[in-house]
1. Could you please give the count of residues in region A:211-230 that are surrounded by fewer than 17 Cβ atoms within 10 Å (Cβ to Cβ) and in contact (Cβ under 8 Å) with a residue 12 or more places away in the chain?
2. Output the number of residues of region B:161-176 satisfying the condition of being crowded, with 21+ Cβ neighbours inside 10 Å and within 14 Å of another protein chain (Cβ to nearest Cβ).
3. Among the residues of region A:38-68, what is the count of those that are buried (at least 20 other Cβ atoms within 10 Å of the Cβ), polar (S, T, N, Q) and either over 20 Å from the mean Cα position of the chain (by Cα) or facing chain B (nearest Cβ under 10 Å) (or both)?
4. I'd like the residue in region B:54-100 that is in a helix (DSSP H, G or I), away from chain A (no Cβ under 14 Å) and not aliphatic (A, V, I, L, M) and, out of all such residues, is nearest to the chain's Cα centre (by Cα).
5. Anything in region B:124-147 that is within 14 Å of chain A (Cβ to nearest Cβ) and crowded, with 24+ Cβ neighbours inside 10 Å? List them, or say none.
6. Determine, yes or no, whether residue A:199 is charged (D, E, K, R), at negative phi and part of a helix (DSSP H, G or I).
7. If we scan region B:109-125, do we find a residue that is on the phi > 0 side of the Ramachandran plot and not β-branched (Val, Ile, Thr)?
8. Determine whether residue B:180 is away from chain A (no Cβ under 14 Å), assigned to a loop (DSSP other than H, G, I, E, B) and among the polar types (S, T, N, Q).
Amino acid sequence: MINSQIMSHPVLLQGNEAMVEGALAAGCRFFAGYPITPATEISEAMSIKLPALGGTFIQMEDEIASMGAIIGASLAGVKSMTATSGPGFSLMQENLGFAVIAEVPCVIVNVMRGGPSTGLPTHVSQGDVQQARWGTHGDHPIIVLSVSDTWECFALTVKAFNLSEEFRTPVIILSDEVVAHTREKIILPNPEELEIVDRLKPTMPPEWYIPYEDTPRGVPPMGIFGDGYRYHVTGLIHDVRGFPTERPDEIVPFMERLFRKINQHFAEIQMVEEYLTADAEVLVAAYGAVARSAKRAVDDARSRGVKAGLFKLITLWPFPRRVLEPHLRQVRAVLVPELNKGQIAREVKRINQGATRVETLSRIDGRLITPDEILARLLKL
Amino acid sequence: MEKFGYAQSQKFDTYASRLMPRQEYFTMGHRACQGCGEALAVRWVTKAIGKDAIIAHATGCMEIVSSGMPQTAWMHPWIHVAFENTAAVASGIETGLKILERKGKLAGPMPKVVAMGGDGGTSDIGLQALSGAMERGHNFTYVCWDNEAYMNTGIQRSSSTPYGAMTTTSPPGKKSIGQSTWKKNMVHIAVAHGIPYVATASPSYIFDLYFKVRKALETPGPAYIHVLSVCPTGWRSATDMSVRLGRLAVETGIFPLYEVVDGRYRLTVEVPKMRPVRDYLKLQGRFRHLRDPEINLIQRHTEANYKLLLEKCQAPFPEFPPMFPPEEPELVAGA
């Protein structure tokens, strides 16, 4: 459906626009959003591009409604997405929990800005990392990806749709103001080069369909509304048929399966990028826009004789501990630069268990951490 | 009151600034765009509010341009709240003041409580809080600055955007005419709550605006005022046409000025001879893509709504023809 000639050409895009390209390439045909700086460009581009592809853009009355609309659209069988920033993300939390428990695939983009509340609408922050994990109430698994450049905005949006379709779960993409508004040249691949995953649909006769059946993969096939596979969708804890239950022998298997479907595919979900980590003595663990500053700082440190390496997190939650743990046992110290008071550093420290020294580098003034700041700390480690 | 608001497009002979308070409560130094109708409206609404008032303001254009230190333009005690809850915060302020008064801890007169928000913060995200506050009957005045889109984030449509208008999330093109729905009638929603005072106002009719705000403040219980704020940036209109556009909105029947006191409608600005909506639309770049069929559709819709309003007001019908263009065929898809 997408014009392949346009797709194979190099394009100059900002992060937000690349996300739109990624979503459309992944098959997203429904977008519900609400204007909010710095995520508005996603809505604007979607409102222009979706109608031509036979999709629908709706501007909702608030973010609660946006999230509700994409849940509805996804249950109707369309890949759907919304985009917002901090205050809107807070409003989406209740419905995000609904999408987790009802196992509705959808993608939520949060372009992080300074917070809390209205905060710094036009400045960068990474303050929503723990909120993305624990924002909605109740114990729940969630997949959160982080983007650090324009190409990742494209590629990881495609990946986010694939993960959400594969595991029937909402996937959150954490972008930030710097990534969202940086314009870069990227070469968009042809549609046939992309791996696109669609949700598993039931193939059995409708009367045999058990909508929340415990399968070995943990992900039951998803009947869409109107195709004959009737089932009950609820935000209450439900049994395998989707009806509310309060029986402990049904609650426990349901919750266990919810966690298991993510946990047993951990290797598939965890994504990191390692740069010069093989012989590193000091490690920088970074994500988002800060990872680009960190990469430069690592290069500069190497040229000054400090064996530094960059461990860039792409999947933030579930936290890629299995790939980080070996490094923690090898390096002299780990520096975690981030635009908050240490939300990922807290996680690194938890996994570290005293194996090495973990230091944080926080910047909370709405500006990006510069390579020099990271370098100065690296040279002291 | 009528003679002050009498529709005369370019004549300001009834405007007598010496009759109005000189005290400024919305001062210079704010960062509103050139020709901002909203800033003009805020200035005159705050003059009408006078001293002894507390203002809760939702996120929006006026909050952004007027509250940055050290250039804050507000002389009143002023709180910027989140986007969706200005009416809820105003409810809290009003209730808190009542408690202080009951306990005898309030020195001086009871301050007036005013909530303000843009059209998005009122008719979209803030509707729930506003509805709740009006239903509970708090003694406050809500003023909606209606510039017909989310101008602050870069001109996105709201439910208050009129049919056919171009915004960045309702782009006109082969598959779209621009905004595809009609403007949400917030005034009727407010009236439906059975509150004592509801009015529409425009900064192009300053006396009308001034007295409506005074009336709203003096009314015990909730009051709602819907102010049309011309936005040259978002409407793509000339910056020197703001006041004129406000007048044209009234004279074409697109934004009639009226008040509803205890459910009784009254037209405050009577227009003896209606102008065609084309006069209003052609001055704005956001309607530039509209062709005759769409303009006629807007004309018919405006006319029908205006007639309904006049019936409610029991006012005589003004002269419609020959200002209206002749009927043209219905809009055909893809035309």
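The values are calculated or read from the model by the stated rules, or taken from the named source; none is laboratory data. Keep in mind that this is a model prediction, so the values were computed, not measured. In this analysis, Cβ positions are derived from the backbone assuming ideal geometry, glycine residues included, and neighbour counts consider all displayed protein chains.
1. Of all residues in region A:211-230, those surrounded by fewer than 17 Cβ atoms within 10 Å (Cβ to Cβ) come to A:213-217, A:224-228, A:230.
Imposing the further condition that a residue be in contact (Cβ under 8 Å) with a residue 12 or more places away in the chain reduces the set to A:213-214, A:217, A:224-228, A:230.
Qualifying residue count, region A:211-230: 9.
2. Filtering region B:161-176 down to residues crowded, with 21+ Cβ neighbours inside 10 Å leaves B:161-162, B:164-170.
If we keep only those that are within 14 Å of another protein chain (Cβ to nearest Cβ) too, we end up with B:161, B:165-170.
So the answer is 7.
3. The total comes to 4.
4. Filtering first and then ranking leaves B:66.
5. Just the residues of region B:124-147 that are within 14 Å of chain A (Cβ to nearest Cβ), to begin with: B:124-131, B:147.
B:124, B:125, B:126, B:129, B:130, B:147 - these are the residues of region B:124-147 that are within 14 Å of chain A (Cβ to nearest Cβ) and crowded, with 24+ Cβ neighbours inside 10 Å.
6. Details: charged (D, E, K, R): yes; at negative phi: yes; part of a helix (DSSP H, G or I): no.
No: the conditions fail for residue A:199.
7. Initial filter on region B:109-125 (on the phi > 0 side of the Ramachandran plot): none.
No: region B:109-125 contains no residue that is on the phi > 0 side of the Ramachandran plot and not β-branched (Val, Ile, Thr).
8. Details: away from chain A (no Cβ under 14 Å): no; assigned to a loop (DSSP other than H, G, I, E, B): yes; among the polar types (S, T, N, Q): yes.
So residue B:180 does not fit the description; no.
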